[in-house]
Amino acid sequence: QVHVVESGGGLVQAGGSLRLSCAASGSIFNTMGWYRQAPGNQRELVASITRGGSTNYAGSVKGRFTISRDNAEAENTVYLQMNSLKPEDTGVYYCYADSTIDYWGQGTQVTVSS
């Protein structure tokens, strides 16, 4: 059975930092990453990382966010270090893990106050 569990959201002032974590277990995962959704907006890709470590970032977060990954045998963990946060980074952040299908976490709220 596959489990995808996120942690690390919260409230932070503009310019601050947060670190999100996502632990996925129960399968072998290829690409893992993060999407976010702000109220009234579509879900958008924030960053992704392949099993081999290749990364991809949305233009709006390049240079501020860093995605990394730990491929332990029993559990793959992906991290999103978010620095220099802006109010427009506010939203629900969803982790996904790609196996034969995509698995999603429950989402974690990130709120950046101005």
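Just going by the charge dipole of the chain, with Lys and Arg at +1 and Asp and Glu at -1 on Cβ, which of H3, G26, G15 is farthest out on the positive end?
G15
Counting alpha carbon pairs within less than 8 Å and at least 6 residues apart, what relative contact order, in whole percent, applies to the chain?
It comes to 36 percent, rounded to a whole number.
Determine the equivalent ellipsoid of the range 7-99 by diagonalising the alpha-carbon gyration tensor, then write out the semi-axes as square roots of 5 times the eigenvalues, largest first, rounded to whole Å.
Equivalent-ellipsoid dimensions as semi-axes: 23, 13, 12 Å.
Percent of accessible area on the chain owned by carbon and sulfur, 1.4 Å probe?
After summing per-atom areas, the C and S share lands at 45 percent.
Rounded to the nearest whole Å², what accessible area per residue is found for the chain with the 1.4 Å probe?
Result: 51 Å² per residue.
The values are calculated or read from the model by the stated rules, or taken from the named source; none is laboratory data. Note that the structure is predicted; figures quoted are calculated from it, not measured. Cβ coordinates were reconstructed from backbone atoms using ideal geometry, including for glycine residues, and neighbour counts include every protein chain displayed. Quick note on the areas: whole protein, heavy atoms, side chains included, nothing else; ligands and nucleic acids left out. Shrake-Rupley method; radii C 1.70, N 1.55, O 1.52, S 1.80 Å.
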